[in-house]
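The values are calculated or read from the model by the stated rules, or taken from the named source; none is laboratory data. Computed from a predicted structure; not experimentally measured. FYI the Cβ positions are ideal-geometry reconstructions off the backbone, even for glycines, and counts take in every protein chain you see. These area figures cover heavy atoms from the full protein model, side chains too; ligands, DNA and RNA do not enter into them. Shrake-Rupley method; radii C 1.70, N 1.55, O 1.52, S 1.80 Å.
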Amino acid sequence: MQFPVAESDHLDQDETYFHLVEDGEQMRLRFHDYAAIYRRPGLYEQLFYDRLKCESPAKVASILRSAVAQAGEVSSRLRVLDLGAGNGIMGEELRRLGVARLLGADIISEAAEACYRDRPSLYDDYVVCDFAEIDAEVREELRSWSFNCLTTVAALGFGDIPPLAFVNAFNLIRPDGWVAFNIKQTFLDHRETTELSRTIRELVFTDYLEIHHLERYRHRLSIEGDPIFYYAIAGKKVADVPLDLIPG
Ligand SMILES: C[S@@+](CC[C@H](N)C(=O)[O-])C[C@H]1O[C@@H](n2cnc3c(N)ncnc32)[C@H](O)[C@@H]1O
């Protein structure tokens, strides 16, 4: 794996790319070419964790653990929906917390296949589905898990999970359940007007989520070696989010 020679500061996170030399052939992959990355064992870990020092799964799991403990509850009772689960790195952190049930969910089948290949039996089950359009049968099955925790790590923004998918997942969690996720720091800035940032601000600053922990931290490095800061957020769901709250 090689990073491009030219400086890439001008590129958005989802446009950043790297070169991969495989069997003598060089190819160019974008950071968000998840299917191609997951198909190659170890490449996702090498890129985001070894080279770019991503800390987000460990950080979000640790604030979830401390928020749950400070509320006098136990992580071992959590029934978790891990949305945007990818190949299971957040799942590993959640297993360390000793959660009761763990379902992975992602929009692409390559994520599920990589997870079964690299971390078999990590999740109790893994659903491949678009949470922006959950059909009635899958919704029924998801409801039967009685989730009391939603985690979404490194998957909100930059063309990944859209607001409707996140809100649909949020609404599958029982009231009083836990929600833990991370977002780029600018998403809480009122000058940022994307649908997702407005939806997240509605969640964080109104009555749907009671914030227990909000922390700015270094998500990872850019390929130029600069820190990229995110917020990690953990809170308790108060009520379902009405779908008309999502800015159109
Ligand atoms: C950067 S990866 C994060 C994976 C994992 N949570 C981690 O921290 O290593 C983002 C994941 O979000 C998934 N994703 C993107 N859009 C999605 C959607 N609409 N619904 C579910 N997953 C989605 C991608 O397929 C990808 O696996």
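Quick notes on this one:
- Some residue of the stretch 97-112 being more than 9 Å from the ligand (Cβ to nearest atom) and farther than 29 Å from Val68 by Cα: yes
- Output for the stretch 228-239, where each listed residue is open to solvent by 30 Å² or more (accessible area, probe 1.4 Å) and part of a strand (DSSP E or B): Phe229, Tyr231
- Enumerated strands (runs of 3 or more DSSP E) restricted to the stretch 1-85, each holding at least 3 residues that are crowded, with 19+ Cβ neighbours inside 10 Å and under 18 Å from the mean Cα position of the chain (by Cα): 79-83
- Single unsatisfied condition, Gly225 versus (1) at pLDDT below 95; (2) in contact with a helix residue (DSSP H, G or I) (Cβ under 9 Å, 6 or more places away or on another chain); (3) surrounded by fewer than 17 Cβ atoms within 10 Å (Cβ to Cβ): (2)
- Conditions (1) in a helix (DSSP H, G or I); (2) surrounded by 17 or more Cβ atoms within 10 Å (Cβ to Cβ); (3) without any contact (Cβ under 8 Å) to a residue 60 or more places away in the chain: number failed by Thr186: (2)
- Arg174 being in a loop (DSSP other than H, G, I, E, B), open to solvent by 40 Å² or more (accessible area, probe 1.4 Å), out of contact with any helix residue (DSSP H, G or I) (no Cβ under 8 Å at 6 or more places or on another chain) and of a type in the set (Lys, Arg): yes
- As a summary of the residue check, His219 satisfies the conditions (1) surrounded by fewer than 17 Cβ atoms within 10 Å (Cβ to Cβ); (2) part of a strand (DSSP E or B) except for the one numbered (1).
- Per this entry, Val128 is counted among residues that are without any contact (Cβ under 8 Å) to a residue 60 or more places away in the chain and not polar (S, T, N, Q).
- Residue selected from the stretch 86-96 under the condition out of contact with any helix residue (DSSP H, G or I) (no Cβ under 7 Å at 6 or more places or on another chain) and within 12 Å of the ligand (Cβ to nearest atom), by the criterion most open to solvent (accessible area, probe 1.4 Å): Glu92
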